[in-house]
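Notes for the one structure printed next.
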Amino acid sequence: MAGHTYGDNLSTVNPELAIEATELRKTYGDVVALAGIDLAVPAGTVLGLLGPNGAGKTTAVRILTTLLPPDGGRARVAGLDVVADAGALRSRIGLAGQYAAVDENLTGFENLEMVGRLYRLGRGPARLRAEELLDRFDLTEAAKRLVRTYSGGMRRRLDLAAALVADPPVLFLDEPTTGLDPRSRRDLWETIEARVAEGTTVLLTTQYLEEADRLADEIAVIDHGRVIARGSADELKDRVGGERLEVVLDDGGGMDQAIAALAPMGDETPVAQDRTVRLALRRRSGAIAEAVRRLDEVGVGIDDVALRRPTLDDVFLALTGRAADDATSPDDTRQAEGIGAP
Amino acid sequence: MSGVAVAMADTVVLAKRSLLRIPRAPDLVLAFTVQPIMFVLLFVYVFGGAIQTPGYDYVDFLMPGIIVQTVGFGGFVTAMGLAEDLKRGLIDRFRSLPMSRSALLTGRTLADVVTNTFSVLVMVVVGLLVGFRFTTGVAEVAAGLGLVLAFGYAFSWVFAFVGLTSSSPESAQSLGFIAIFPLTFVSSAFVPVDSMPSWLQGVAEVNPITITVDAVRGLFIGTPYGTDAWLSLLWSLGLALVFARLSVARYRRSVTR
């Protein structure tokens with residue numbers, strides 16, 4: 001452990017791939033958490049691990065952050081092997097967990113100072129760093145308050161600040177915004193984006209498609225311990241076809257006529273939900289005019305017509321045959337507990 | 001820094017963390033002050049008249065016992081704290097830091113030594129107020145206090161293991177209570193062992209709490225204690241070593257539940 005000073009943390013050994021995993025496997029008894037996944041994250045980019053609860057995201061993060069040994073496969077982070085070089089690796093990574101892993105009974109300042117000392121900063125530098133981070137995360141006013149008085153958003157910010165104490169080149173964020181209100185979520189996104197702009201490599205797990213869409217350069221969709229798709233958000237969306245047409249019918253009804261009238265515009269049967277008809281278009285140009293005309297011909301009234309790009313929800317549905325948010329598997333209720341901590 | 005220096009520095013950082021929380025949690029402050037005082041007063045005034053301790057005032061007989069019992073339980077903060085760390089994700093954070101792999105545990109158990117010292121002082125003062133008197137020399141009293149703290153430290157490691165293996169802070173606390181409460185009662189802490197039924201006397205006599213209480217009683221008020229002081233020290237050393245190994249091994253495999 002002796003050879004690693006604070007300054008070393010700023011550069012990685014292999015600048016090309018900050019995270020590299022080959023055939024990672026992990027089983028808990030009969031449950032296969034990871035069935036052999038490969039990851040490659042270039043330095044300075046963000047990989048989003050997207051998947052439902054129980055897909056294996058947290059297990060992957062735990063292996064890459066040295067918390068769990070893999071049963072098979074290899075992984076290197078910041079050029080260091082996660083098993084053989086675990087000790088040295090810990091000073092080069094930051095982890096912000098699924099739960100806000102901060103001590104409730106300490107103040108914000110005390111939390112960060114403690115983490116700084118444990119990263120081997122001296123007392124002075126640890127305090128200085130704590131103040132700096134509190135300031136950057138807009139927590140200076142709350143610095144002397146016990147964390148148990150913090151709101152959910154403030155805890156997450158403090159948790160993220162703790163992960164950044166040693167300015168690690170690689171950052172692991174395990175569902176960083178789970179349970180946050182939309183505003184806190186956006187704030188946290190901005191903070192993460194700022195880190196990435198400074199060159200930090202981030203591996204982010206999330207159940208929120210919107211989050212992966214916004215933050216990740218590349219997305220790996222994980223289901224049942226396997227990567228079932230990967231690519232940029234746009235590439236993944238292209239895989240499920242072109243733009244979506246959404247027509248909201250007025251109160252007059254006529255859903256069946258509408259479906260029949262719009263069907264020729266796409267390759268698949270339009271899907272109806274409440275008063276909305278959705279359809280993957282074969283051709284974008286002129287689609288709105290054509291839809292209005294077709295519905296007018298069969299006498300169906302319209303409240304609204306819109307085109308939209310497919311979302312990652314559509315991607316997930318197309319890849320797994322189920323929506324991302326009903327995919328919770330029973331063995332994962334464990335993980336879900338405690339998310340809504342007071 | 002060498003491995004040992006790193007481990008010591010981290011231990012101090014984490015012991016400080018454990019101690020900082022105590023004045024902030026009123027229930028803990030009560031546990032370390034009011035509870036020992038209450039026990040001393042209840043035993044002296046409620047049971048004192050009923051329990052025969054030939055040759056000694058009950059308060060003199062009782063104080064060493066109640067002091068040992070209190071430090072035996074002192075480690076519950078470690079059990080609860082570790083179970084909480086597991087529940088709240090702090091174990092993941094600590095294990096992902098480049099810190100010593102035993103510091104969280106050595107830090108918490110060291111903090112227990114501090115709180116145990118405090119509790120012992122409170123009890124000695126209260127004991128003196130209700131009539132307890134040391135009848136031996138300073139060296140013996142100091143040795144007795146040393147034995148008490150060593151014993152408390154050993155039990156902190158037992159509690160550390162309990163905390164890391166139990167499913168919640170609440171169960172950690174009740175598990176520790178269930179394990180230690182009978183031990184303290186089937187011992188010479190509150191009553192002379194020869195007043196128990198003979199089958200129970202066998203249990204009480206090999207109980208490390210009896211051995212420690214007898215040693216401390218001898219060192220405080222001059223009762224005969226033979227080799228009990230050494231035996232007690234051996235027990236403390238053995239318990240600490242065994243449970244420290246078990247706990248550290250467990251900690252290294254722990255992840256947040």
What residue among B:217, B:108, B:24 has the largest mean-square fluctuation in a Gaussian network model of chain B, using Cα springs under 10 Å? B:24
Folded to 0 to 90 degrees: helix B:228-253 orientation relative to chain B principal axis, Cα: 20
Among B:151, B:61, B:39, which one shows the highest mean-square fluctuation when chain B is modelled as a Gaussian network with alpha-carbon springs under 10 Å? B:39
Counting only other chains, what is the mean number of Cβ atoms within 10 angstrom of the Cβ of each residue in peptide A:64-72? 2
From the P(r) of segment A:241-320, can you give the percent of Cα pairs sitting at distances over 16 Å? 45
Of all C-alpha pairs within the protein assembly as shown, those more than 30 angstrom apart amount in percent to 61
Set of lysines with alpha-carbon distance to residue B:87 below 28 Å, sequence-local pairs under 8 removed: A:26, A:57, A:144, B:16
If one takes the longest principal axis of the Cα atoms in chain B, at what angle in degrees, from 0 to 90 and to the nearest 10, does the Cα axis of helix B:138-165 lie? 50
Quick one: check the C-alpha center-to-center distance for segment A:199-213 versus segment B:1-42, whole angstrom. 39
Quick one: divide the alpha-carbon radius of gyration of chain B by 2.2 N^0.38 Å and tell me what you get. 1.03
Mean-square fluctuation check for chain A, GNM, Cα pairs under 10 Å: which of A:258, A:78, A:88 is largest? A:258
If you take the beta carbon distance between residue B:52 and residue B:253 as r and set R0 to 56 Å, what does 1/(1 + (r/R0)^6) give as a FRET efficiency, to the nearest 0.05? 0.65
Cα shape, segment A:97-231, gyration tensor, a/c 1.5 rule: prolate
Calculate the dipole size of the protein assembly as shown relative to its Cα centre from +1 charges on Lys and Arg beta carbons and -1 charges on Asp and Glu beta carbons; express the result in debye to the nearest 20. 1620
In Å, the C-alpha Rg and Dmax of chain A are 23.4, 79
Can you find, among A:205, A:219, A:65, the residue farthest towards the positive end of the dipole of segment A:6-231? Put +1 on the C-beta of Lys and Arg, -1 on that of Asp and Glu. A:65
Tell me the mean residue ellipticity at 222 nm calculated for the protein assembly as shown from its helices only (DSSP H runs of n ≥ 4, each -39500 (n - 2.57), averaged over every residue, nearest 500). -16000 deg cm²/dmol
Quick check on the protein assembly as shown: of the DSSP beta bridges with both residues there, what percent are antiparallel, nearest 5%? 65
Kindly list the residues of segment A:274-305 that lie in the label zone of residue A:255, defined by a backbone N under 16 Å from the point 7 Å along the Cα-to-C-beta vector. A:274-279, A:300-303
With viscosity set to 0.692 mPa s and temperature to 37 °C, compute the Stokes-Einstein D of segment A:58-99, Rh being the Kirkwood radius across alpha carbon pairs; µm²/s, no decimals. 316
Can you give the mean number of other chain Cβ atoms that lie within 10 Å of the Cβ atoms in peptide A:156-165? 1
What fraction of the DSSP beta bridges in chain A is antiparallel, stated in percent and rounded to the nearest 5? 65
In degrees, nearest ten, helix B:103-129 long axis to first principal axis of chain B (Cα): 30
Go ahead and run the numbers for FRET between residue A:317 and residue B:185, Cβ-Cβ distance against an R0 of 51 Å, rounding to 0.05. 0.20
Need one number: nm distance between label points at residue A:127 and residue A:248, each 7 Å from Cα along Cα→Cβ, rounded to one decimal. 5.8
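Every read-out reported here was derived from the displayed coordinates using simple, explicitly stated rules and does not represent laboratory data. Just so it is clear, the model here is predicted, and its values are computed rather than measured. Note that each Cβ is placed from the backbone with ideal geometry, even for glycine, and that neighbours are counted across all protein chains shown.
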